[in-house]
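In what follows, a structure is listed as structure tokens, so that the remarks can point back to it.
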Amino acid sequence: MKNLLFLILLIPFLLGCKTYSEISEPFLTGGEWIFTDYQIVVTTSISDVTVIQNDTICINAFGEQSYVDGGILMKQIYLSTAIDRRFIRGRTIWEFDDNSYSLFCDRNTNVRFPVTYPSYMRTEKDEMYIQNPLTGVTTDYTFITDAIGANYPRKLTLTSPEIVSDLLLSNGMRDNAVTVKVVLIFTR
């Protein structure tokens, strides 16, 4: 009889339970971000510019230049660019650590780059600041993720600040030849 009474009293409690969960904000941690693609957006130039892409891109000015086929070929020097500003398609891997707000740009080194981004990420554009402890230079990106209604984004798109590259003219003067922004695409 006691067991029957206990069972009758227990049934309403079991049927009345509901689960409640909130959607958490998207976060950058929890996996490796692999650099998969990039785009170079020309914002201003003194003449028509054709961008030739390869597997590497750096967030710095185009320095080396040579005259070829009536045009000018401008290159970046990958190895002299800081590690947090150079990227190889399919090989550069970033990993964020929310506990210390740091970024690992290379697993082979133990250098952490202090990074600042909003703790309350959304799908609209936000600012991210990465400070290189070796050079003291901060790079500010605009970024957006694809995490609409989910807390685990799969795509991270960063837009660099404007990069101005000078052109050495035949009279020895320099002119602002081109201003670009680099759009970096990471996936996981």
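The table below gives the values:
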{"read-out": "Residue satisfying condition, being modelled with pLDDT of 85 or more, over 19 Å from the mean Cα position of the chain (by Cα) and farther than 30 Å from Tyr152 by Cβ, within set Thr81, Thr43", "value": "Thr43"}
{"read-out": "Residue in the stretch 97-119 that is surrounded by 19 or more Cβ atoms within 10 Å (Cβ to Cβ) and modelled with pLDDT of 90 or more present", "value": "no"}
{"read-out": "Residues that are at pLDDT below 85 and either in a loop (DSSP other than H, G, I, E, B) or over 18 Å from Ser45 (Cα atoms) (or both), drawn from the stretch 155-188", "value": "Leu169, Ser170, Asn171, Gly172, Met173"}
{"read-out": "Filter pass, Glu64 being within 20 Å of the chain's Cα centre (by Cα) and modelled with pLDDT under 80", "value": "no"}
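The values are calculated or read from the model by the stated rules, or taken from the named source; none is laboratory data. Nothing here was measured: the structure is a model prediction, and the numbers come from that model. All Cβ positions, glycine included, derive from the backbone under ideal geometry; neighbour counts span all protein chains shown.
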